[in-house]
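Some notes on the structure that comes next.
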Amino acid sequence: MRFAHASYRVTDRDRSVGFYRLLGFEPLEELPIGDALHLFLGLGGRTVLELVVDPDRPVGEAGGYRHVALETGRMDEVLARVPAERGPFRAASGVRLAFLRDPDGYEIELIESGAQSVDDLTLATAFLYREAELLDDNLVDDWFATLDEDLEYLVPLRYSRERANGAGFSPTAYHMKDTHTSMAGRVKRLSGEYAWAEDPPSRTRRLVTNIRVRREDELLHVRSNLMLYRSRGDSPEHQLLVGERHDVLRVHPGGEVRLARRTVLLDQTTLATHNLAVFL
């Protein structure tokens, strides 16, 4: 369970947005629901405040406070303990919602995590773009600091198979199969003076696209496509590695994001590269 946002009724859209901008809030999304306009404002790219402009229910009539929203990946378990007053139901966006009442009658909105939200996509995208920057700039020690201690990092071999036999990824053979400890050894060697195969280092450029996110409590399940361009020395030749990454990012208290799990599904069966002394 995590805090999602607080919600208030307001009377004037521009006046309220201008006020919260002065406090450092950033407008992220506007969503009309019925006759009301819902304004989602964020801090650090994450939605924390929902302002509702509703001409049919002014603040003085309905009260300024609306509800607190909580996000959970286990809505049915929560509702088994605390029955819903409304819901669960699916909103037009596809997100599953339910509304409860606390002992004093205040409304609590439950949002089932799993559907991609604006702030989760922002978090994941920022992490992946920053990661690409660190690796392209050969700052492998800084990149290593973004890995969680229970890291699992897999790059399985791929074989050509008939369509009926699946995608052809080996469950037992890997180009890379690393934990946090073994990855520390790789990083130490690459950043040291004895990495002969990578001195001078390869020049790389990582293009990250098609980012999709699904949240489960503090975990972001992220899929992205990667194309890695690599060249060495003065040769005009270059190498390309292309594939899809399945990541699990862990959002720690305070908002820090770290990589807990990565599986890289390469499109090539034979890699057109002299070694894999790069991180995907």
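Extension gain for I108 to L79 (0.36 nm times residue separation, less C-alpha to C-alpha distance): 9.2 nm. Hydrodynamic radius of the chain by the Kirkwood approach over all distinct alpha-carbon pairs: 21.9 Å. Angle, helix 118-136 long axis vs. longest principal axis of the chain, Cα atoms, 0 to 90°, nearest 10? With both axes taken from Cα atoms, the answer is about 20 degrees. To the nearest ten degrees, helix 180-191 and the longest principal axis of the Cα atoms of the chain are 60 degrees apart. Taking 0.36 nm per residue of sequence separation and removing the Cα-Cα distance, the D14/E244 pair yields an extension gain of 78.6 nm. With an a/c value of 1.5 or above and a/b not larger than b/c for the gyration tensor axes a ≥ b ≥ c computed over the alpha-carbon atoms, segment 144-280 is described as oblate. For the pair E29 and E152, the difference between a 0.36 nm per residue extended length and the Cα-Cα distance amounts to 40.8 nm. In the chain, helical runs assigned H by DSSP with n ≥ 4 each contribute -39500 (n - 2.57); averaged across all residues and rounded to the nearest 500, the mean residue ellipticity at 222 nm is -6000 deg cm²/dmol.
Accessible surface for segment 126-170, divided over its residues, is 57 Å² per residue with a 1.4 Å probe. Here the accessible area of the chain is 52 percent carbon and sulfur, with a 1.4 angstrom probe and all protein chains present.
The values are calculated or read from the model by the stated rules, or taken from the named source; none is laboratory data. Note that the structure is predicted; figures quoted are calculated from it, not measured. With ligands, DNA and RNA removed, areas are computed over all heavy atoms of the protein, side chains included. Shrake-Rupley method; radii C 1.70, N 1.55, O 1.52, S 1.80 Å.
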